[in-house]
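Take a look at the structure set out below.
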Ligand SMILES: NC(=O)c1ccc[n+]([C@@H]2O[C@H](COP(=O)([O-])OP(=O)(O)OC[C@H]3O[C@@H](n4cnc5c(N)ncnc54)[C@H](OP(=O)(O)O)[C@@H]3O)[C@@H](O)[C@H]2O)c1
């Protein structure tokens, strides 16, 4: 099934902008949101230039403004004539070792990645139920499979929560009409990973996004991307004794 009308949150940079470019190249109509509207406007101009036949709508959205989420999703849907895929992608990687005096950084990560993720999920599901179906994609992380020492504890917890929400929804909508995909990316070049200490096994944005879009288009229930080396590594992550997980931090 071709999902023609796709909404992506966190589309102003990194994986969100990369997915927007990849879906635009496939001729899909796009609804793109994030806080940095200058970036969205630039992206819209680039896509309109390269793919003049698609519709691209952009809007300012802070996903932590929970009342704005259904309003902005609704406005964007109206602008492009409906939604049949929503990609919950907006996220941050702030964090500090727990108990070392920066709880606000850890709280911000859990609020943005998990609580605001939940609000986007609720909104998308309500819209899909009204329209008769759709494809909900949750961008989790391989780090949702483990805990790590240091500043990424809250990030790991936020992604474990996201994966768990996705697994519940996969069970809930086993027979449709809503299709659910939980994506667990490994390390892919983006603004977030540019700030990260770990560049282990990092792939460039285009390679990572290609693997993501392929799994999304196949509407896989749950997929680790890129598959190699991350699919076997996530199995290892789940079994590793805690002291060895520092290699993923
Ligand atoms: N890159 C990786 O290796 C990797 C691996 C696994 C999972 N992920 C996940 O992939 C997603 C995208 O991350 P990325 O790597 O592409 O990082 P990025 O380049 O920093 O992009 C993050 C995006 O999220 C948006 N965002 C952040 N806070 C927001 C808020 N409060 N409201 C609305 N939008 C917000 C940002 O837009 P504004 O700042 O303009 O709002 C930006 O567009 C995240 O969920 C991340 O956890 C990434």
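The values are calculated or read from the model by the stated rules, or taken from the named source; none is laboratory data. The structure presented is a predicted model; accordingly, all values stated were derived computationally and were not measured. Note that each Cβ is placed from the backbone with ideal geometry, even for glycine, and that neighbours are counted across all protein chains shown.
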Practice task
Assess whether residue 41 counts as being at pLDDT 95 or above, within 12 Å of the ligand (Cβ to nearest atom), over 22 Å from residue 131 (Cβ atoms) and not in a helix (DSSP H, G or I).
Solution key: no
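Of 90, 31, 48, 17, which residue is modelled with pLDDT of 95 or more, part of a helix (DSSP H, G or I) and surrounded by 18 or more Cβ atoms within 10 Å (Cβ to Cβ)?
Details: 90 fails: part of a helix (DSSP H, G or I); 31 fails: part of a helix (DSSP H, G or I); 48 fails: surrounded by 18 or more Cβ atoms within 10 Å (Cβ to Cβ).
17 is the lone residue from the list that is modelled with pLDDT of 95 or more, part of a helix (DSSP H, G or I) and surrounded by 18 or more Cβ atoms within 10 Å (Cβ to Cβ).
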Fill in the blank from the handout: Filtering the stretch 191-206 down to residues that are assigned to a helix (DSSP H, G or I) and over 16 Å from the mean Cα position of the chain (by Cα) yields 194
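Being out of contact with any helix residue (DSSP H, G or I) (no Cβ under 6 Å at 6 or more places or on another chain) and either under 21 Å from residue 128 (Cα atoms) or in a loop (DSSP other than H, G, I, E, B) (or both) narrows it down to one residue among 219, 214; which is it?
Details: 214 fails: either under 21 Å from residue 128 (Cα atoms) or in a loop (DSSP other than H, G, I, E, B) (or both).
Step by step, each of 219, 214 is checked, and only 219 is out of contact with any helix residue (DSSP H, G or I) (no Cβ under 6 Å at 6 or more places or on another chain) and either under 21 Å from residue 128 (Cα atoms) or in a loop (DSSP other than H, G, I, E, B) (or both).
Has the stretch 95-108 got any residue that is under 17 Å from the mean Cα position of the chain (by Cα), surrounded by 20 or more Cβ atoms within 10 Å (Cβ to Cβ) and at pLDDT 95 or above?
Within the stretch 95-108, the subset under 17 Å from the mean Cα position of the chain (by Cα) is 108.
Now narrow it down to the ones that are surrounded by 20 or more Cβ atoms within 10 Å (Cβ to Cβ): none.
For the stretch 95-108, residues under 17 Å from the mean Cα position of the chain (by Cα), surrounded by 20 or more Cβ atoms within 10 Å (Cβ to Cβ) and at pLDDT 95 or above: absent.
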Completion exercise
(1) over 14 Å from residue 190 (Cβ atoms); (2) part of a loop (DSSP other than H, G, I, E, B); (3) within 15 Å of the ligand (Cβ to nearest atom); (4) in contact with a strand residue (DSSP E or B) (Cβ under 6 Å, 6 or more places away or on another chain) all hold for residue 65 apart from (4)
